[in-house]
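Before any comments, here is the structure.
The values are calculated or read from the model by the stated rules, or taken from the named source; none is laboratory data. Computed from a prediction, not measured in an experiment: that's the story for all the values here. A quick note on method: Cβ atoms are made from the backbone with ideal geometry, for glycine too, and the neighbour counts reach across all protein chains shown. The protein model used for the area step is the full one, side chains on, heavy atoms only, and it has no ligands, DNA or RNA in it. Shrake-Rupley method; radii C 1.70, N 1.55, O 1.52, S 1.80 Å.
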Amino acid sequence: MAMNKIYDIFKQKALVFFEALVFCLLFSVTAGAVNITNMRIGQQVGSVRVVFDADSKFDYEVFLLSDPKRLVVDAHNADIKKALSADKNNLISSTRVGKLNEHDKRVVFDLQKPVLIKQAFMLEPSKNTNWRLVIDLVVSSERDFSNKVGVKYALSNKTGTKNLASKATSTSKSNWLFSSDKASKPKPRQKIIVLDPGHGGKDPGAVGAYGKTFEKNVTLAMGKELKAELEKKGYKVYLTRSTDIFIPLRQRVKIAQKYKADLFMSLHADSATNKKAKGLSVYTLSETASDKEAAALAERENKVDIIGGVDFSENSKEINDILISLSQTDCRNKSSKFAAYVVGEMRKSVKLVGDTHRFAGFAVLKAPDIPSALLEMGYLSNKEEENFLKQSSYRKKLASSAATAIDKYFSDPEIAALY
Ligand SMILES: [Zn+2]
(Lines give C-alpha, C1' and ligand atoms only; values in the text may rest on other atoms or scores of the structure.)
Protein backbone atom coordinates (compact mmCIF):
# COMPACT_ATOMS: atom_id res chain seq x y z
CA MET A 1 0.00 0.00 0.00
CA ALA A 2 2.66 2.42 1.17
CA MET A 3 4.86 1.59 -1.77
CA ASN A 4 1.92 2.06 -4.06
CA LYS A 5 1.22 5.48 -2.59
CA ILE A 6 4.83 6.58 -2.97
CA TYR A 7 4.75 5.32 -6.50
CA ASP A 8 1.56 7.31 -7.16
CA ILE A 9 3.06 10.49 -5.77
CA PHE A 10 6.18 9.90 -7.85
CA LYS A 11 4.02 9.35 -10.91
CA GLN A 12 2.09 12.54 -10.24
CA LYS A 13 5.26 14.56 -9.75
CA ALA A 14 6.75 13.07 -12.88
CA LEU A 15 3.64 13.99 -14.79
CA VAL A 16 3.73 17.55 -13.52
CA PHE A 17 7.41 17.73 -14.38
CA PHE A 18 6.76 16.28 -17.80
CA GLU A 19 3.88 18.68 -18.41
CA ALA A 20 6.03 21.59 -17.32
CA LEU A 21 8.75 20.45 -19.68
CA VAL A 22 6.32 20.22 -22.58
CA PHE A 23 4.91 23.62 -21.68
CA CYS A 24 8.41 25.14 -21.62
CA LEU A 25 9.24 23.60 -24.94
CA LEU A 26 5.99 24.76 -26.46
CA PHE A 27 6.42 28.18 -24.96
CA SER A 28 9.93 28.55 -26.31
CA VAL A 29 8.63 27.65 -29.75
CA THR A 30 5.71 30.08 -29.67
CA ALA A 31 7.84 32.81 -28.10
CA GLY A 32 10.05 32.74 -31.16
CA ALA A 33 7.16 32.73 -33.53
CA VAL A 34 4.83 35.68 -33.27
CA ASN A 35 3.07 35.53 -36.58
CA ILE A 36 2.58 38.75 -38.47
CA THR A 37 -0.37 37.75 -40.57
CA ASN A 38 -1.26 40.82 -42.54
CA MET A 39 -0.25 44.37 -43.40
CA ARG A 40 -2.47 47.24 -44.47
CA ILE A 41 -1.74 50.75 -45.66
CA GLY A 42 -4.38 53.43 -45.23
CA GLN A 43 -4.25 56.96 -46.52
CA GLN A 44 -5.58 60.39 -45.76
CA VAL A 45 -4.52 63.68 -47.35
CA GLY A 46 -0.89 64.21 -46.37
CA SER A 47 -0.63 61.17 -44.12
CA VAL A 48 -0.39 57.41 -44.20
CA ARG A 49 -1.15 54.71 -41.62
CA VAL A 50 0.60 51.35 -41.76
CA VAL A 51 -0.94 48.52 -39.73
CA PHE A 52 0.54 45.09 -39.02
CA ASP A 53 -1.80 42.37 -37.73
CA ALA A 54 -0.19 39.77 -35.49
CA ASP A 55 -1.29 36.87 -33.32
CA SER A 56 0.60 38.21 -30.34
CA LYS A 57 2.38 41.38 -29.31
CA PHE A 58 5.97 41.77 -30.34
CA ASP A 59 8.91 44.11 -29.80
CA TYR A 60 9.51 46.57 -32.63
CA GLU A 61 11.58 49.50 -33.73
CA VAL A 62 10.41 51.95 -36.36
CA PHE A 63 12.77 54.47 -37.93
CA LEU A 64 13.70 56.36 -41.10
CA LEU A 65 16.66 55.98 -43.44
CA SER A 66 17.79 58.30 -46.23
CA ASP A 67 19.35 57.94 -49.69
CA PRO A 68 16.95 56.59 -50.75
CA LYS A 69 14.22 57.55 -48.31
CA ARG A 70 12.92 54.50 -46.42
CA LEU A 71 10.76 53.59 -43.47
CA VAL A 72 12.14 50.59 -41.59
CA VAL A 73 10.15 48.39 -39.25
CA ASP A 74 12.12 45.80 -37.27
CA ALA A 75 9.95 43.09 -35.72
CA HIS A 76 11.68 41.01 -33.04
CA ASN A 77 10.97 37.32 -32.55
CA ALA A 78 8.48 37.47 -35.33
CA ASP A 79 7.61 35.40 -38.33
CA ILE A 80 6.00 36.75 -41.40
CA LYS A 81 4.25 33.75 -42.83
CA LYS A 82 2.93 35.00 -46.10
CA ALA A 83 4.44 37.64 -48.31
CA LEU A 84 3.08 40.97 -47.20
CA SER A 85 1.92 43.05 -50.06
CA ALA A 86 0.50 46.51 -49.97
CA ASP A 87 -0.89 48.74 -52.67
CA LYS A 88 1.35 51.55 -53.76
CA ASN A 89 0.24 55.03 -52.96
CA ASN A 90 1.74 58.45 -53.39
CA LEU A 91 3.90 58.07 -50.27
CA ILE A 92 5.02 54.44 -50.43
CA SER A 93 6.29 53.06 -53.72
CA SER A 94 7.29 49.53 -52.69
CA THR A 95 7.65 47.18 -49.73
CA ARG A 96 10.18 44.46 -48.95
CA VAL A 97 10.40 41.88 -46.17
CA GLY A 98 13.78 40.55 -45.10
CA LYS A 99 15.51 38.65 -42.31
CA LEU A 100 17.41 40.81 -39.85
CA ASN A 101 18.86 37.74 -38.11
CA GLU A 102 17.69 34.29 -37.07
CA HIS A 103 14.76 35.60 -35.02
CA ASP A 104 14.04 39.10 -36.25
CA LYS A 105 12.42 40.38 -39.39
CA ARG A 106 12.79 43.70 -41.18
CA VAL A 107 10.15 45.33 -43.36
CA VAL A 108 11.33 48.20 -45.57
CA PHE A 109 9.03 50.72 -47.24
CA ASP A 110 10.44 52.88 -50.03
CA LEU A 111 9.18 56.42 -49.59
CA GLN A 112 8.37 58.81 -52.40
CA LYS A 113 8.23 61.88 -50.17
CA PRO A 114 9.88 63.04 -46.95
CA VAL A 115 7.84 61.97 -43.93
CA LEU A 116 7.97 61.98 -40.16
CA ILE A 117 6.86 59.11 -37.95
CA LYS A 118 4.09 60.75 -35.97
CA GLN A 119 3.45 57.77 -33.72
CA ALA A 120 3.90 54.02 -33.46
CA PHE A 121 2.02 51.87 -30.97
CA MET A 122 0.77 48.37 -30.28
CA LEU A 123 -2.97 47.83 -29.92
CA GLU A 124 -4.43 45.00 -27.88
CA PRO A 125 -6.88 42.63 -29.56
CA SER A 126 -10.49 43.65 -29.59
CA LYS A 127 -13.55 41.59 -30.50
CA ASN A 128 -12.80 41.33 -34.21
CA THR A 129 -9.10 42.05 -34.36
CA ASN A 130 -5.74 40.57 -33.47
CA TRP A 131 -2.83 42.43 -32.02
CA ARG A 132 -1.93 45.39 -34.21
CA LEU A 133 1.16 47.52 -34.65
CA VAL A 134 0.05 50.91 -35.93
CA ILE A 135 2.46 53.41 -37.51
CA ASP A 136 1.34 56.89 -38.55
CA LEU A 137 3.40 58.88 -41.05
CA VAL A 138 2.90 62.51 -42.01
CA VAL A 139 4.35 64.30 -45.02
CA SER A 140 7.14 66.64 -43.93
CA SER A 141 9.76 68.97 -45.36
CA GLU A 142 13.08 67.55 -46.57
CA ARG A 143 14.77 69.31 -43.65
CA ASP A 144 12.52 67.84 -40.97
CA PHE A 145 12.99 64.42 -42.54
CA SER A 146 16.78 64.64 -42.57
CA ASN A 147 16.74 65.75 -38.92
CA LYS A 148 15.03 62.51 -37.92
CA VAL A 149 16.94 59.95 -39.96
CA GLY A 150 18.60 57.02 -38.19
CA VAL A 151 18.10 54.33 -35.57
CA LYS A 152 18.71 56.81 -32.74
CA TYR A 153 15.32 58.36 -33.54
CA ALA A 154 13.60 54.98 -33.59
CA LEU A 155 10.19 54.62 -31.99
CA SER A 156 9.83 51.30 -30.22
CA ASN A 157 7.53 49.46 -27.85
CA LYS A 158 9.67 51.02 -25.11
CA THR A 159 9.11 54.56 -26.39
CA GLY A 160 5.60 54.03 -27.80
CA THR A 161 2.82 55.91 -26.09
CA LYS A 162 -0.10 53.92 -24.73
CA ASN A 163 -2.50 56.79 -24.22
CA LEU A 164 -2.14 57.76 -27.85
CA ALA A 165 -3.16 54.26 -28.75
CA SER A 166 -6.51 54.35 -27.00
CA LYS A 167 -7.18 57.78 -28.45
CA ALA A 168 -6.31 56.60 -31.91
CA THR A 169 -8.69 53.65 -31.77
CA SER A 170 -11.62 55.65 -30.61
CA THR A 171 -11.29 58.69 -32.84
CA SER A 172 -9.53 58.06 -36.07
CA LYS A 173 -10.43 54.55 -37.14
CA SER A 174 -13.30 55.42 -39.43
CA ASN A 175 -11.34 58.16 -41.21
CA TRP A 176 -8.70 55.85 -42.54
CA LEU A 177 -9.21 54.37 -45.95
CA PHE A 178 -7.48 51.03 -46.29
CA SER A 179 -7.19 49.81 -49.84
CA SER A 180 -6.98 46.16 -48.76
CA ASP A 181 -9.64 46.45 -46.08
CA LYS A 182 -12.76 45.98 -48.16
CA ALA A 183 -15.13 45.65 -45.23
CA SER A 184 -14.32 49.08 -43.87
CA LYS A 185 -14.09 50.78 -47.25
CA PRO A 186 -16.89 53.30 -47.45
CA LYS A 187 -19.02 53.32 -50.57
CA PRO A 188 -17.63 56.12 -52.75
CA ARG A 189 -19.98 59.06 -52.62
CA GLN A 190 -21.23 60.79 -55.73
CA LYS A 191 -18.58 63.18 -57.00
CA ILE A 192 -19.53 66.82 -57.41
CA ILE A 193 -18.29 68.74 -60.43
CA VAL A 194 -18.74 72.45 -61.02
CA LEU A 195 -18.44 73.56 -64.64
CA ASP A 196 -17.81 77.20 -65.34
CA PRO A 197 -18.87 78.53 -68.75
CA GLY A 198 -16.54 81.54 -69.15
CA HIS A 199 -17.79 85.12 -69.59
CA GLY A 200 -21.49 86.00 -70.06
CA GLY A 201 -23.89 88.92 -70.05
CA LYS A 202 -22.17 92.21 -70.85
CA ASP A 203 -18.87 90.36 -71.22
CA PRO A 204 -18.88 88.44 -74.53
CA GLY A 205 -15.27 87.20 -74.16
CA ALA A 206 -13.45 86.61 -77.43
CA VAL A 207 -15.38 87.33 -80.61
CA GLY A 208 -14.97 85.15 -83.71
CA ALA A 209 -13.03 86.89 -86.45
CA TYR A 210 -15.19 85.55 -89.27
CA GLY A 211 -18.59 84.47 -88.00
CA LYS A 212 -18.68 86.91 -85.06
CA THR A 213 -19.23 83.98 -82.71
CA PHE A 214 -19.23 85.05 -79.06
CA GLU A 215 -17.04 83.06 -76.67
CA LYS A 216 -19.75 83.39 -73.95
CA ASN A 217 -22.21 81.46 -76.13
CA VAL A 218 -19.76 78.71 -77.05
CA THR A 219 -18.76 78.19 -73.41
CA LEU A 220 -22.38 78.09 -72.20
CA ALA A 221 -23.37 75.58 -74.89
CA MET A 222 -20.34 73.42 -74.06
CA GLY A 223 -21.09 73.71 -70.33
CA LYS A 224 -24.59 72.32 -70.84
CA GLU A 225 -23.39 69.57 -73.17
CA LEU A 226 -20.64 68.46 -70.79
CA LYS A 227 -23.06 68.60 -67.83
CA ALA A 228 -25.42 66.21 -69.62
CA GLU A 229 -22.55 63.88 -70.51
CA LEU A 230 -21.29 63.78 -66.90
CA GLU A 231 -24.75 63.28 -65.45
CA LYS A 232 -25.12 60.20 -67.64
CA LYS A 233 -21.99 58.87 -65.93
CA GLY A 234 -23.47 59.47 -62.48
CA TYR A 235 -21.80 62.71 -61.42
CA LYS A 236 -23.55 65.55 -59.65
CA VAL A 237 -22.93 68.58 -61.84
CA TYR A 238 -23.53 72.29 -61.30
CA LEU A 239 -22.95 75.19 -63.71
CA THR A 240 -21.73 78.55 -62.42
CA ARG A 241 -24.20 80.02 -64.91
CA SER A 242 -26.87 78.43 -67.06
CA THR A 243 -28.03 81.64 -68.72
CA ASP A 244 -26.40 84.61 -70.41
CA ILE A 245 -25.49 86.52 -67.27
CA PHE A 246 -22.36 88.22 -66.02
CA ILE A 247 -20.63 86.67 -62.97
CA PRO A 248 -17.40 88.10 -61.49
CA LEU A 249 -14.50 85.65 -61.37
CA ARG A 250 -14.30 85.49 -57.57
CA GLN A 251 -18.00 84.68 -57.48
CA ARG A 252 -17.40 81.67 -59.75
CA VAL A 253 -14.84 80.29 -57.31
CA LYS A 254 -17.24 80.88 -54.43
CA ILE A 255 -19.95 78.96 -56.25
CA ALA A 256 -17.62 75.97 -56.57
CA GLN A 257 -16.84 76.19 -52.85
CA LYS A 258 -20.52 76.53 -51.95
CA TYR A 259 -21.31 73.29 -53.79
CA LYS A 260 -18.25 71.60 -52.20
CA ALA A 261 -16.97 70.67 -55.63
CA ASP A 262 -14.55 67.76 -55.98
CA LEU A 263 -13.46 69.22 -59.28
CA PHE A 264 -13.82 72.60 -61.00
CA MET A 265 -13.47 73.12 -64.73
CA SER A 266 -13.64 76.51 -66.40
CA LEU A 267 -14.51 76.56 -70.11
CA HIS A 268 -13.15 79.13 -72.54
CA ALA A 269 -12.25 79.72 -76.19
CA ASP A 270 -9.17 81.69 -77.09
CA SER A 271 -8.39 84.41 -79.60
CA ALA A 272 -5.08 85.59 -81.06
CA THR A 273 -3.90 88.24 -83.46
CA ASN A 274 -2.20 85.50 -85.43
CA LYS A 275 -5.18 84.12 -87.34
CA LYS A 276 -3.36 80.85 -87.94
CA ALA A 277 -3.09 80.08 -84.24
CA LYS A 278 -5.25 77.06 -83.41
CA GLY A 279 -5.55 74.15 -81.04
CA LEU A 280 -6.83 73.23 -77.61
CA SER A 281 -4.97 73.75 -74.34
CA VAL A 282 -5.50 73.07 -70.64
CA TYR A 283 -4.31 75.36 -67.86
CA THR A 284 -3.73 74.83 -64.17
CA LEU A 285 -2.79 77.41 -61.58
CA SER A 286 0.75 78.54 -61.00
CA GLU A 287 2.29 81.63 -59.47
CA THR A 288 4.51 81.88 -62.51
CA ALA A 289 3.13 81.44 -66.01
CA SER A 290 4.74 78.74 -68.14
CA ASP A 291 5.39 81.33 -70.90
CA LYS A 292 4.60 84.90 -72.00
CA GLU A 293 1.64 83.77 -74.05
CA ALA A 294 0.10 81.98 -71.09
CA ALA A 295 0.68 85.04 -68.90
CA ALA A 296 -0.99 87.31 -71.47
CA LEU A 297 -3.95 84.95 -71.75
CA ALA A 298 -4.40 84.86 -67.97
CA GLU A 299 -4.29 88.66 -67.96
CA ARG A 300 -6.95 88.84 -70.70
CA GLU A 301 -9.23 86.40 -68.92
CA ASN A 302 -8.67 88.03 -65.54
CA LYS A 303 -9.59 91.46 -66.97
CA VAL A 304 -13.16 90.26 -67.29
CA ASP A 305 -14.01 91.73 -63.92
CA ILE A 306 -12.74 95.14 -64.96
CA ILE A 307 -14.89 94.96 -68.11
CA GLY A 308 -17.79 94.05 -65.89
CA GLY A 309 -17.22 97.16 -63.81
CA VAL A 310 -16.39 95.17 -60.70
CA ASP A 311 -13.39 95.93 -58.57
CA PHE A 312 -11.07 93.06 -59.37
CA SER A 313 -9.01 93.82 -56.31
CA GLU A 314 -11.80 92.66 -54.03
CA ASN A 315 -9.07 90.56 -52.53
CA SER A 316 -5.79 92.40 -52.17
CA LYS A 317 -2.73 90.98 -53.87
CA GLU A 318 -1.47 89.93 -50.50
CA ILE A 319 -4.58 87.93 -49.74
CA ASN A 320 -4.44 86.37 -53.19
CA ASP A 321 -0.85 85.35 -52.57
CA ILE A 322 -1.80 83.82 -49.25
CA LEU A 323 -4.65 81.99 -50.92
CA ILE A 324 -2.26 80.54 -53.45
CA SER A 325 0.27 79.53 -50.85
CA LEU A 326 -2.52 77.93 -48.83
CA SER A 327 -3.38 75.88 -51.84
CA GLN A 328 -2.13 72.50 -50.78
CA THR A 329 0.48 70.81 -52.85
CA ASP A 330 -1.91 67.89 -52.96
CA CYS A 331 -4.55 70.08 -54.57
CA ARG A 332 -2.15 71.32 -57.22
CA ASN A 333 -0.90 67.83 -57.86
CA LYS A 334 -4.48 66.74 -58.34
CA SER A 335 -5.11 69.63 -60.74
CA SER A 336 -2.03 68.70 -62.73
CA LYS A 337 -3.04 65.07 -62.86
CA PHE A 338 -6.52 66.04 -64.00
CA ALA A 339 -5.05 68.29 -66.71
CA ALA A 340 -2.86 65.41 -67.87
CA TYR A 341 -5.92 63.17 -68.26
CA VAL A 342 -7.77 65.89 -70.19
CA VAL A 343 -4.80 66.32 -72.52
CA GLY A 344 -4.51 62.56 -72.95
CA GLU A 345 -8.16 62.18 -73.95
CA MET A 346 -8.41 65.33 -76.09
CA ARG A 347 -5.33 64.25 -78.02
CA LYS A 348 -7.35 61.34 -79.38
CA SER A 349 -10.02 63.53 -80.96
CA VAL A 350 -8.85 67.09 -81.64
CA LYS A 351 -5.80 69.16 -82.47
CA LEU A 352 -3.88 70.43 -79.46
CA VAL A 353 -1.42 73.29 -79.16
CA GLY A 354 2.23 72.23 -78.78
CA ASP A 355 2.55 72.69 -75.04
CA THR A 356 -0.93 71.55 -74.19
CA HIS A 357 -0.81 71.60 -70.40
CA ARG A 358 0.28 75.05 -69.34
CA PHE A 359 0.43 77.04 -66.15
CA ALA A 360 -0.77 80.58 -65.44
CA GLY A 361 -2.30 82.73 -62.74
CA PHE A 362 -5.98 82.54 -63.67
CA ALA A 363 -8.15 84.15 -61.00
CA VAL A 364 -10.83 81.56 -61.61
CA LEU A 365 -8.48 78.71 -60.63
CA LYS A 366 -7.66 80.14 -57.23
CA ALA A 367 -9.91 78.05 -55.01
CA PRO A 368 -7.25 76.79 -52.62
CA ASP A 369 -8.98 73.52 -51.86
CA ILE A 370 -10.61 72.44 -55.12
CA PRO A 371 -8.63 70.78 -57.92
CA SER A 372 -9.23 73.07 -60.89
CA ALA A 373 -8.36 73.38 -64.55
CA LEU A 374 -9.24 75.79 -67.33
CA LEU A 375 -9.93 74.47 -70.81
CA GLU A 376 -9.31 76.71 -73.81
CA MET A 377 -11.29 74.78 -76.39
CA GLY A 378 -9.73 76.41 -79.44
CA TYR A 379 -9.26 79.75 -81.21
CA LEU A 380 -12.25 81.82 -82.28
CA SER A 381 -9.78 83.94 -84.25
CA ASN A 382 -9.10 80.95 -86.49
CA LYS A 383 -11.66 80.51 -89.26
CA GLU A 384 -11.71 76.71 -89.13
CA GLU A 385 -11.90 76.47 -85.34
CA GLU A 386 -14.56 79.16 -85.06
CA ASN A 387 -16.64 77.10 -87.47
CA PHE A 388 -15.99 73.93 -85.42
CA LEU A 389 -16.80 75.52 -82.07
CA LYS A 390 -20.15 76.75 -83.37
CA GLN A 391 -21.19 73.16 -84.08
CA SER A 392 -22.86 71.13 -81.40
CA SER A 393 -21.45 67.88 -82.88
CA TYR A 394 -17.89 69.18 -82.44
CA ARG A 395 -18.50 70.38 -78.90
CA LYS A 396 -20.09 67.05 -78.03
CA LYS A 397 -16.92 65.32 -79.17
CA LEU A 398 -14.96 67.59 -76.79
CA ALA A 399 -17.49 66.99 -74.03
CA SER A 400 -17.24 63.23 -74.44
CA SER A 401 -13.41 63.36 -74.23
CA ALA A 402 -13.57 65.65 -71.17
CA ALA A 403 -16.04 63.30 -69.45
CA THR A 404 -13.80 60.29 -70.12
CA ALA A 405 -10.84 62.25 -68.72
CA ILE A 406 -12.84 63.05 -65.57
CA ASP A 407 -13.73 59.36 -65.17
CA LYS A 408 -10.09 58.36 -65.52
CA TYR A 409 -9.04 61.05 -63.08
CA PHE A 410 -11.42 59.89 -60.34
CA SER A 411 -10.56 56.23 -60.84
CA ASP A 412 -6.82 56.89 -60.66
CA PRO A 413 -5.90 54.94 -57.49
CA GLU A 414 -3.63 57.69 -56.19
CA ILE A 415 -6.36 60.27 -56.65
CA ALA A 416 -9.12 57.99 -55.37
CA ALA A 417 -7.22 57.44 -52.14
CA LEU A 418 -7.08 61.18 -51.55
CA TYR A 419 -10.79 61.95 -51.86
ZN1 LIG B 1 -12.30 83.34 -72.01
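List of remarks:
Residues checked against (1) at pLDDT 75 or above; (2) of a type in the set (D, E, K, R); (3) assigned to a helix (DSSP H, G or I):
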site: Ser325; (1), (2), (3): no, no, yes
site: Ala339; (1), (2), (3): yes, no, yes
site: Arg358; (1), (2), (3): yes, yes, no
site: Ala367; (1), (2), (3): no, no, no
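- Only one of Arg332, Arg300, Arg347 that is open to solvent by 20 Å² or more (accessible area, probe 1.4 Å), at pLDDT 85 or above and either within 23 Å of Asp203 (Cα to Cα) or assigned by TED's automatic domain parsing to the domain that holds Ile245 (or both): Arg347
- Residue list for region 366-418, filter: aromatic (Phe, Trp, Tyr) and open to solvent by less than 30 Å² (accessible area, probe 1.4 Å): Tyr379, Tyr394, Tyr409, Phe410
- Residue list for region 260-283, filter: open to solvent by less than 70 Å² (accessible area, probe 1.4 Å) and assigned to a loop (DSSP other than H, G, I, E, B): Ala261, Asp262, Ser271, Ala272, Ala277, Lys278, Gly279
- Every residue from region 235-259 that is open to solvent by less than 70 Å² (accessible area, probe 1.4 Å) and touching a Gly at 6+ places or on another chain (Cβ under 7 Å): Leu239, Arg241, Phe246, Ile247, Pro248
- Identity of the residue in region 379-394, part of a helix (DSSP H, G or I) and either out of contact with any strand residue (DSSP E or B) (no Cβ under 8 Å at 6 or more places or on another chain) or not assigned by TED's automatic domain parsing to the domain that holds Gly208 (or both), that ends up farthest from the ligand (Cβ to nearest atom): Ser393
- Considering region 284-294, the residues that are buried (at least 17 other Cβ atoms within 10 Å of the Cβ) and among the small types (Gly, Ala, Ser) include one that is farthest from the ligand (Cβ to nearest atom), namely Ser286.
- Just one of the numbered conditions (1) modelled with pLDDT under 95; (2) within 19 Å of Val194 (Cβ to Cβ); (3) in a helix (DSSP H, G or I) is not true of Ser313: (2).
- Test: Ala120 is at pLDDT 85 or above, more than 27 Å from the chain's Cα centre (by Cα), open to solvent by less than 70 Å² (accessible area, probe 1.4 Å) and in the same structural domain as Thr159 (by TED's automatic domain parsing): no
- The residues of region 127-150 that are in contact (Cβ under 8 Å) with a residue 60 or more places away in the chain, in a loop (DSSP other than H, G, I, E, B) and of a type outside the set (D, E, K, R), listed by number, are Thr129, Asn130, Gly150.
- Candidate set: region 193-238, residues that are within 16 Å of the ligand (Cβ to nearest atom) and among the acidic types (Asp, Glu); chosen: the one farthest from Arg250 (Cα to Cα): Glu215
- For the criterion of being of a type outside the set (A, V, I, L, M, F, W, C), more than 20 Å from the chain's Cα centre (by Cα) and part of a strand (DSSP E or B), Glu376 passes.
- Filter result (of a type in the set (A, V, I, L, M) and either under 34 Å from the mean Cα position of the chain (by Cα) or modelled with pLDDT of 95 or more (or both)) within region 208-248: Val218, Leu220, Ala221, Met222, Leu226, Ala228, Leu230, Val237, Leu239, Ile245, Ile247
- Complete set of residues in region 241-259 that are in contact with a helix residue (DSSP H, G or I) (Cβ under 8 Å, 6 or more places away or on another chain), part of a helix (DSSP H, G or I) and more than 14 Å from the ligand (Cβ to nearest atom): Arg250, Val253
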